[in-house]
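Inspection log for the structure reproduced underneath, given as structure tokens.
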Amino acid sequence: MSKIDELLVDVARLVESGRSNQMSLTVVTGGAVITGRLAPEAVWRQRVSEVLADSERLAAFAAVFAAAPANESPTHLHFHLARILQGTMGIPETGGMYRVSIADISAWTMGDVSYSDH
């Protein structure tokens with residue numbers, strides 16, 4: 001986006017306030033469609049850190065994600081239980097953790113977009 005969408009920033013602020021992690025959103029960024037639920041950055045970082053800490057090969061990276069986020073205006077959306085939509089399927093099937101720059105979002109809509117995994 002050449003100009004940041006302030007409405008989307010307001011949605012991110014509300015999620016960051018910790019009042020709700022139930023906001024589902026679908027965004028278009030770099031030609032990809034990502035759909036899922038938003039999480040506050042601190043919660044997202046903690047979960048990524050836990051997953052990395054459980055990995056023998058990637059445990060050294062856990063501390064990077066465990067660091068507390070800066071208390072600034074949100075610049076990214078943090079998706080959990082999210083999928084990249086590709087044709088009629090969502091990748092990964094179980095849902096992933098994505099961090100998307102608000103500045104790179106070209107379109108968005110409220111809610112998850114339906115997809116079929118058949």
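The values are calculated or read from the model by the stated rules, or taken from the named source; none is laboratory data. Keep in mind that this is a model prediction, so the values were computed, not measured. Neighbour counts run over all protein chains shown; Cβ positions are idealised from the backbone, glycine included. Side chains are part of the model used for accessible areas, which takes the heavy atoms of the whole protein and leaves out ligands, DNA and RNA. Shrake-Rupley method; radii C 1.70, N 1.55, O 1.52, S 1.80 Å.
Does residue 101 satisfy the criteria of being hydroxyl-bearing (Ser, Thr, Tyr) and farther than 28 Å from residue 4 by Cα? No; evaluated as a whole, the condition is false for this residue.
In region 96-115, the residue that is nearest to the chain's Cα centre (by Cα) out of those that are open to solvent by 50 Å² or more (accessible area, probe 1.4 Å) and more than 14 Å from residue 11 (Cα to Cα) is 99. The number of residues in region 1-55 being under 16 Å from the mean Cα position of the chain (by Cα), over 13 Å from residue 76 (Cβ atoms), of a type in the set (A, V, I, L, M, F, W, C) and not in a helix (DSSP H, G or I) comes to 4. Please work out if residue 93 is open to solvent by 80 Å² or more (accessible area, probe 1.4 Å) and assigned to a loop (DSSP other than H, G, I, E, B). Criteria not met by residue 93.
Restricting attention to region 69-87, the residues that are part of a strand (DSSP E or B) and β-branched (Val, Ile, Thr) total 1. Residue 62: more than 26 Å from residue 107 (Cβ to Cβ), of a type in the set (A, V, I, L, M), at pLDDT below 95 and part of a helix (DSSP H, G or I), yes or no? No.
Tell me, please, whether a residue that is of a type in the set (Val, Ile, Thr), touching a residue at least 60 places away in the same chain (Cβ under 8 Å) and touching a Gly at 6+ places or on another chain (Cβ under 8 Å) can be found in region 7-14. Scanning region 7-14 turns up no residue that is of a type in the set (Val, Ile, Thr), touching a residue at least 60 places away in the same chain (Cβ under 8 Å) and touching a Gly at 6+ places or on another chain (Cβ under 8 Å).
Residue 83 meets the conditions (1) farther than 23 Å from residue 9 by Cβ; (2) at pLDDT 95 or above; (3) under 15 Å from the mean Cα position of the chain (by Cα) in every case but one. The failed one is (2). In region 56-76 there is no residue that is under 18 Å from residue 5 (Cα atoms), within 17 Å of the chain's Cα centre (by Cα), among the hydrophobic types (A, V, I, L, M, F, W, C) and surrounded by 11 or more Cβ atoms within 10 Å (Cβ to Cβ).
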